[in-house]
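Asker: Mind having a look at this structure? Questions to follow.
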Amino acid sequence: MEVEPEQAFRRAMSAFATGVTVVSAARDDGRMSGITVNSLTSVSLRPRLLLWCLGDQSERYDIFANADAWGVTVLGADEEAIAVRYSRAERESIESGEAEMFGGAPLLRAGVAQFACRTHDRRVAGDHLIIIGEVTDFRVKAGPALSFFRGAYGSVDDTRST
Ligand SMILES: Cc1cc2nc3c(=O)[nH]c(=O)nc-3n(C[C@H](O)[C@H](O)[C@H](O)COP(=O)(O)O)c2cc1C
């Protein structure tokens, strides 16, 4: 059977191995939402900028497209369940015990690295919104990270001694 071009593109891009993150933001009602994201890219050192891309079909589009302060949590190797959870809208709410304010942004307590961001710019690109954030604070800890490659979760570890 012929593979649809869209599916073929998706499959080709899935050969680009990435980490897995959860972007978190506060909703109007004061609760927090999370969405699983692997489009995170580092953009600039001075100022510190990063970007991620939000699909325009997301049920959570308005929350993340309009958020001024938001966080990015890079998940650890043993946190696949968190990635699965925040890839589903019905389980997007972050309970208060799972999150904390850091650098002015709501962030998960989990993860191997965290970035607090303020929206620097937004650009529509095809069926996604590119959201560029200025990093207001960040922190990192040791340990293997969760990865995503060819549609499957895995892990990457730094085996070099630094
Ligand atoms: C590993 C992984 C990475 C993902 N990366 C993104 C992403 O970069 N941008 C995005 O908008 N959605 C991404 N998604 C999809 C969202 O997490 C979510 O499943 C999608 O927005 C559909 O749910 P929603 O309509 O409730 O938002 C990713 C999902 C997975 C499992």
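Asker: Roughly how many nanometres apart are two label points built 7 Å out from the Cα toward the Cβ at residue 10 and residue 31?
Answerer: The two pseudo-label positions are separated by 2.8 nm.
Asker: Then there is this: Please list the non-local residues whose amide H lies under 5 Å from the amide H of residue 137, H modeled 1.01 Å from N, same-chain partners needing a gap of 5 or more.
Answerer: 116
Asker: Next question, about the same structure. With the crude spin-label approximation of a point 7 Å out along Cα→Cβ, what separation in nm comes out for residue 96 versus residue 109?
Answerer: Label-label distance for residue 96 and residue 109, simple model: 1.3 nm.
Asker: Now a separate question. Peptides 93-102, 29-38, 148-157, 79-88: what's the order by average Cβ count within 10 Å, highest mean first?
Answerer: Working: 93-102: 14.2, 29-38: 18.5, 148-157: 12.7, 79-88: 16.8.
Ranked from most to least packed, the peptides come out as 29-38, 79-88, 93-102, 148-157.
Asker: What order do you get for 135, 22 when you list them from fewest to most C-beta neighbours inside 10 Å?
Answerer: Values: 135 21, 22 26.
Placing the least packed residue first, the sequence is 135, 22.
Asker: Here's something else I'd like to know. Measure of size requested: the Rg and Dmax of the stretch 19-142, with Cα atoms as the atom set and Å as the unit; please supply both.
Answerer: 13.1, 38
Asker: Restricting to DSSP H runs of at least four residues, report the calculated mean residue ellipticity at 222 nm for the chain, -39500 (n - 2.57) per run over all residues, nearest 500 deg cm²/dmol.
Answerer: It lands at -3000 deg cm²/dmol.
Asker: Any idea what the dipole of the stretch 19-142 comes to, in debye rounded to 20, about its Cα centre with Lys/Arg Cβ at +1 and Asp/Glu Cβ at -1?
Answerer: On the way: 14 positive and 18 negative charges, 85 e Å.
The calculation lands at about 400 debye.
Asker: Cα centroids of the stretch 76-123 and the stretch 1-39: how far apart, whole angstrom?
Answerer: Comparing the Cα centres of the stretch 76-123 and the stretch 1-39, I get a distance of 14 Å.
FYI, it's all coordinate maths here, none of it is from the lab. Values in this document were obtained by computation on a predicted structure and should not be read as measured data. For neighbour counting, all protein chains shown are included, and Cβ atoms are generated from backbone atoms with ideal geometry for every residue, glycine included.
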